Protein chains: 2
Amino acid sequence: MATAATLDAVVRAAGPQLGSLMERVEARLAALATGYGPLLSHHAGETIAAGGKRLRPLLVLLAAGDPPEEAADRLLRSAVAVELIHSASLVHDDVLDRAPTRRGQPTVFAAAGRTAATATGDLLFSRAFAELAAGGEADDVRALSAASSALAQGELMQREDAWDVAVPLARYLQRCELKTGALFEAACRLGALAGGGPADALAAFGRAIGLAFQLLDDVLDVSGPASRTGKARGTDLLDGTVTLPLIVARERDPQLAATDLRALRSGAETEAICDRIAATGALADAKARALTVVADAKSALPSSLPPAQRATLELVADGVVERYA
Amino acid sequence: MATAATLDAVVRAAGPQLGSLMERVEARLAALATGYGPLLSHHAGETIAAGGKRLRPLLVLLAAGDPPEEAADRLLRSAVAVELIHSASLVHDDVLDRAPTRRGQPTVFAAAGRTAATATGDLLFSRAFAELAAGGEADDVRALSAASSALAQGELMQREDAWDVAVPLARYLQRCELKTGALFEAACRLGALAGGGPADALAAFGRAIGLAFQLLDDVLDVSGPASRTGKARGTDLLDGTVTLPLIVARERDPQLAATDLRALRSGAETEAICDRIAATGALADAKARALTVVADAKSALPSSLPPAQRATLELVADGVVERYA
C-alpha cells in the first residue's frame, strides 16, 4: 500500500548508499529476467523487471542498517531472492484468479496461459533459492524457505476458509501473517543477518508491517474506489475470501452474518454488501487495528538500533499506512 | 519405468544399511506429510506418503556409496528433498493436465481443486529447500535449486514447443534433460556430495539415466498398452507434446510429418497415429537410443568406484530399462 513516492523519500532519506544498492537490485533482477531464454524473459521479464514498489527488497536493505562493504553481495542476493519469491507468488496467484492484468500489464497467465504461467512461477521460486544458494549462507536459505512455506500454507488456509462468513478473527489474522507477514519477516531477518543487527527483533517488525499491509489491503478491497485500487470493489468477497471488514461488520449487522457469498451474482450485489459493511463502521475499525499494529511495531524496535536506521524503518512503516491517512 | 520389484532387488543387493536408510526416508516423508496442518496432510499426504517407486531417493543413497555414519543425516535430507521436488512437480503437472488420477488415486487437483493443488505444490517445493537448509550445506542447496530451475525451464520449453511436429531432435533431447535428467543428476550429485564420491561423474550418470527414463516413458505413451501405462495411448500427442517416436517416424512417413495434432479429436484418431508411428519402426529405434544412453552411462562410471557401488548403480540403470526388455 506504500506509494512509490514515499518509498523514494525513504531511499533519499537513507542516503546514497541505499540508492545505489537498490539500483544494483534492479540490475540483477533485470539480468535474471533475461538470462533464462526467450520464454522466461518474455513472461517473467515483464513481471520482475517492470516493477512494483520493491518494498520487500527495500526492507532487506533497511534492516541491514549501515552494513560493512563486504556484506553488500549477500545483501543483494537476499533482496533479489525476496522479490523473486514475491513475483513467483503473484504469477501463481494470477493463474488461480484467472487475472487478466496486474499493474496495468497483461498477466503471464493472460499472455501465455496457465501452463507457462505455472512454470514461470516455479522457475522464479527456484531462482530465488539459487540466488541464496550461491552465497552459501544456510541461515539465509532457512529464512527464505520458512517464508515460502508460509506463503503456500497461507494460500491453502485461505482456500480452506473460502465462503466461510463465520471464520474466526484469530484464524484470519494467522492467515494474513502466513500469506503476507512471513515474507516481510524474512526480508527483515535477511537484512539483519547480513548487516549483523538484531535479527529476531527486526524480523518481528517485518512480520507486523506485513500484517498491517495485508489488513489495509483487505480494507481497500471493500472501500475502493476502483479507480484507486485498480480492481472492482468486493473482489475478495466475490472469490469467497472473508476478510477483516466483514469479520468486524458481521458482529454488528446480523444480515451480514447470514450472507451467502456464493449467491453473489453481480458487481452491483457485491457493491451493496460493501456498502453495508461500510455502514457498520467496520472499515474505520479495521484501519485502526492496522494502525495500532504499525505503531506497536515501531515502538518495539530495539533501542540499540542506530537512530538513522530506526528513522528509515519508521518511515517505511508510515509508508505502508500512508494511503489511508 | 523401473519396476518396484527391481528396485527392491537393488535395495536387497545393496545390503541392510540401504534398506534402513530407505525406511528412514519413508518415515521422514510421512512426518512431513502430517506436519503441516490437516489440509496439507490431506492433500500432500496421499501424494508423498502413498508413494511411487522412490527412484530418486534411491539414487541419492546409491550415489553416496558406503557413506560414513555422520553423513547419514545429510543423506536423508537430500533424499527427502529430491522426492519432495519430484512430488511438487507431479502435483503441478496434474493441475496443468487436469488429471483425475495418478497411481490409481485421485490427484490433489481432482480432490481439492486447482488452488489447493497449486499451493500444495508450492509448499512441497518450499519444504524441499527447507529440508536442505536445515542441514546448512550450500553445495546441496545449489544442486537442488539448479534442478528445480531446470524442471521449470523444461516445462516452459515444452509449452513453447507444443503442437510443433517439426521440433528439432536436439531441442527435444534438451527438454528431456531439463524436465527429467536434471533431477536425476541432482539426486546423484547430492549423494556423491554427502558420501565424498566423484560428484561430477555421478551427476553425469544420473543425468543420462534420467534422459533414458524420459525417452522410454515417451515410447510407452505411443506403444501402450493402456493396461500397462495406466493412460490412453497417445496422451502426449493429444496434448500437443511431440516426442521421440514421432520425431523419428516423421522422417520415414511424410504423412506423419504433415500431421496437425490440433485436429486430433478422438481416442480412435490418436490411436491411429500411434499405429502409424509404430509401423515406421520408430519405437524400436527410440528404445535403442535409450538403451545406448544407459549403456554409455554405465560404462562411463569411474573405475575408482568401489565394485559394490558400481554394481548397484548398474542394477538401477538396468531397472530403468527393464520394462522394455
Test result for residue B:182, among the aliphatic types (A, V, I, L, M) and part of a loop (DSSP other than H, G, I, E, B): no
Test set (1) part of a helix (DSSP H, G or I); (2) touching a Gly at 6+ places or on another chain (Cβ under 9 Å); (3) surrounded by fewer than 22 Cβ atoms within 10 Å (Cβ to Cβ) - residue B:152 fails condition number: (3)
Subset of region A:74-103 (residues that are farther than 19 Å from residue A:236 by Cα, away from every other protein chain (no Cβ under 14 Å) and of a type outside the set (A, V, I, L, M, F, W, C)): A:83
Test: residue in region A:219-235 that is within 30 Å of residue A:305 (Cβ to Cβ) and either touching a residue at least 24 places away in the same chain (Cβ under 8 Å) or surrounded by fewer than 24 Cβ atoms within 10 Å (Cβ to Cβ) (or both): yes
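Taking the conditions exactly as written (in contact with a His (Cβ under 9 Å, 6 or more places away or on another chain), more than 23 Å from residue A:228 (Cα to Cα) and either in a helix (DSSP H, G or I) or at pLDDT below 75 (or both)), does residue A:71 satisfy them or not? It would help to see each step written out before you state the result.
Values: in contact with a His (Cβ under 9 Å, 6 or more places away or on another chain): no; more than 23 Å from residue A:228 (Cα to Cα): yes; either in a helix (DSSP H, G or I) or at pLDDT below 75 (or both): yes.
Judged against the criteria, residue A:71 is not a match.
I'm trying to understand the selection: among the residues of region A:266-275, which are of a type in the set (A, V, I, L, M, F, W, C) and surrounded by fewer than 18 Cβ atoms within 10 Å (Cβ to Cβ)? Steps first, please.
So the first thing to find is which residues in region A:266-275 are of a type in the set (A, V, I, L, M, F, W, C), and the list is A:268, A:272-274.
Across region A:266-275, the qualifying residues are A:268, A:272.
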Qualifying residue in region B:168-178 (condition: crowded, with 19+ Cβ neighbours inside 10 Å, more than 7 Å from chain A (Cβ to nearest Cβ), more than 25 Å from residue A:150 (Cβ to Cβ) and modelled with pLDDT under 85): no
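Go through the residues of region A:127-138 one by one and say whether even a single one is of a type in the set (Lys, Arg) and modelled with pLDDT of 80 or more. Walk me through how you get there before you give the answer.
If we filter region A:127-138 for residues that are of a type in the set (Lys, Arg), which is where we start, we get A:127.
If we keep only those that are modelled with pLDDT of 80 or more as well, we get A:127.
Yes, region A:127-138 contains a residue that is of a type in the set (Lys, Arg) and modelled with pLDDT of 80 or more.
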Total residues in region A:208-233, condition more than 19 Å from the chain's Cα centre (by Cα) and either aliphatic (A, V, I, L, M) or assigned to a loop (DSSP other than H, G, I, E, B) (or both): 4
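Across region B:111-129, what is the number of residues that are surrounded by fewer than 23 Cβ atoms within 10 Å (Cβ to Cβ) and either touching a residue at least 40 places away in the same chain (Cβ under 8 Å) or farther than 30 Å from residue B:235 by Cα (or both)? Show your work before the answer.
Kept after step one, since they are surrounded by fewer than 23 Cβ atoms within 10 Å (Cβ to Cβ), are these residues of region B:111-129: B:111-115.
Of the ones still in play, those that are also either touching a residue at least 40 places away in the same chain (Cβ under 8 Å) or farther than 30 Å from residue B:235 by Cα (or both) are B:111-112.
Going through region B:111-129 one residue at a time, the tally reaches 2.
Determine which member of the set B:79, B:110, B:119, B:72 is under 20 Å from the mean Cα position of the chain (by Cα) and on the phi < 0 side of the Ramachandran plot. Please lay out each step first, then the result.
Numbers: B:110 fails: under 20 Å from the mean Cα position of the chain (by Cα); B:119 fails: under 20 Å from the mean Cα position of the chain (by Cα); B:72 fails: under 20 Å from the mean Cα position of the chain (by Cα).
When all the criteria are applied, what remains is B:79.
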Output for region B:91-135, where each listed residue is closer than 15 Å to residue A:119 by Cβ and of a type outside the set (Gly, Ala, Ser): B:91, B:92, B:93, B:94, B:95, B:96, B:97, B:114, B:118, B:122, B:125
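So which of B:248, B:321 is buried (at least 20 other Cβ atoms within 10 Å of the Cβ), within 21 Å of the chain's Cα centre (by Cα) and either in contact (Cβ under 8 Å) with a residue 12 or more places away in the chain or under 28 Å from residue B:204 (Cβ atoms) (or both)? Lay out the reasoning, then the answer.
Working: B:248 fails: within 21 Å of the chain's Cα centre (by Cα).
That would be B:321, the only listed residue that is buried (at least 20 other Cβ atoms within 10 Å of the Cβ), within 21 Å of the chain's Cα centre (by Cα) and either in contact (Cβ under 8 Å) with a residue 12 or more places away in the chain or under 28 Å from residue B:204 (Cβ atoms) (or both).
When you go through A:278, A:290, A:263, A:308 one by one, which is the residue that is surrounded by fewer than 14 Cβ atoms within 10 Å (Cβ to Cβ) and within 28 Å of residue A:208 (Cβ to Cβ)?
Numbers: A:278 fails: surrounded by fewer than 14 Cβ atoms within 10 Å (Cβ to Cβ); A:290 fails: surrounded by fewer than 14 Cβ atoms within 10 Å (Cβ to Cβ); A:263 fails: within 28 Å of residue A:208 (Cβ to Cβ).
Among A:278, A:290, A:263, A:308, only A:308 is surrounded by fewer than 14 Cβ atoms within 10 Å (Cβ to Cβ) and within 28 Å of residue A:208 (Cβ to Cβ).
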Selection status of residue A:289, under 22 Å from the mean Cα position of the chain (by Cα) and of a type outside the set (Gly, Ala, Ser): yes
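Please work out which residue is nearest to the other protein chains (Cβ to nearest Cβ), limiting yourself to region B:122-143 and to residues that are among the charged types (D, E, K, R) and farther than 26 Å from residue A:156 by Cβ. I'd like the intermediate steps shown before the answer.
Going residue by residue through region B:122-143, those that are among the charged types (D, E, K, R) are B:122, B:127, B:131, B:137, B:139-140, B:142.
Filter once more, so that each one left must be farther than 26 Å from residue A:156 by Cβ: B:137, B:139-140, B:142.
Values: B:137: 7, B:139: 8, B:140: 8, B:142: 4 Å.
Among them, the one singled out is B:142.
The values are calculated or read from the model by the stated rules, or taken from the named source; none is laboratory data. Note that the structure is predicted; figures quoted are calculated from it, not measured. All Cβ positions, even for glycine, are placed from backbone atoms using ideal geometry, and neighbour counts span all protein chains on display.
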